[in-house]
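All of the numbers you see were taken from the coordinates with simple rules; none came from a lab. Predicted model, so just to flag it, every value in this text is computed and none were measured. With ideal geometry, Cβ positions are generated from the backbone for all residues, glycine too; neighbour counts draw on all protein chains shown.
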Amino acid sequence: MNRKVIITCALTGAGDTVGKSDEEGAGVSFAAERNIVSRRAAQPESVSAELAAAVTADAVALTRATREHPEIRQGSSVRGAIDLALVAGGLLTLRNVPDPGEPGRLLDESSATRKAYSQAIFDAMILALSGRIHLDETTDATPEAILRQIWEDHFILLPAAAEPG
């Protein structure tokens, strides 16, 4: 049986057929999800190209992490990443998060832009993903606490682990 995953945009209802056959294991690659999110979740004009690319990549990575967390029975689909990117773009605009200026400045942990950016992403995660994940029955944690853990892993632990020393 050759099955494809149908991904439907939350706003337009348009669908994309992507994925692997059952023999290869159902799923969508990170690059495919990033492409879907960038096409379906256009950022406001006030969000710079660097911020828009970061929002898309982070939305996909964080949403995919919900599918791998041991306390989450069912994580969010790419539709959650689309919603996360849309909400984050709106929050970045409302909060006047500045363009980081030079490329790579979002990676500077001491940057005020980095802090405002990561906080906006967390707030967007809570709004977009807390109702889209289903926790394991044995956990005492709340969806918000698990999303916070995923956010901390992504924005605090992973960058620290990648740096030498």
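Structural remarks
- Whichever residue in segment 42-68 is touching an Asp or Glu at 6+ places or on another chain (Cβ under 9 Å), farther than 15 Å from residue 117 by Cα and not small (Gly, Ala, Ser) and, among such residues, is surrounded by the most Cβ atoms within 10 Å (Cβ to Cβ): 63
- Count of segment 23-58 residues, restricted to those that are in a helix (DSSP H, G or I) and either of a type outside the set (A, V, I, L, M) or in contact (Cβ under 8 Å) with a residue 60 or more places away in the chain (or both), is 13.
- Residues satisfying the criterion are absent from segment 130-139 (criterion: assigned to a helix (DSSP H, G or I) and in contact with a helix residue (DSSP H, G or I) (Cβ under 9 Å, 6 or more places away or on another chain)).
- Residue tally, condition surrounded by 15 or more Cβ atoms within 10 Å (Cβ to Cβ) and within 19 Å of residue 54 (Cβ to Cβ), over segment 128-152: 5
- Restricting attention to segment 69-98 and to residues that are buried (at least 22 other Cβ atoms within 10 Å of the Cβ) and either among the basic types (Lys, Arg) or not in a helix (DSSP H, G or I) (or both), the residue that is farthest from the chain's Cα centre (by Cα) turns out to be 97.
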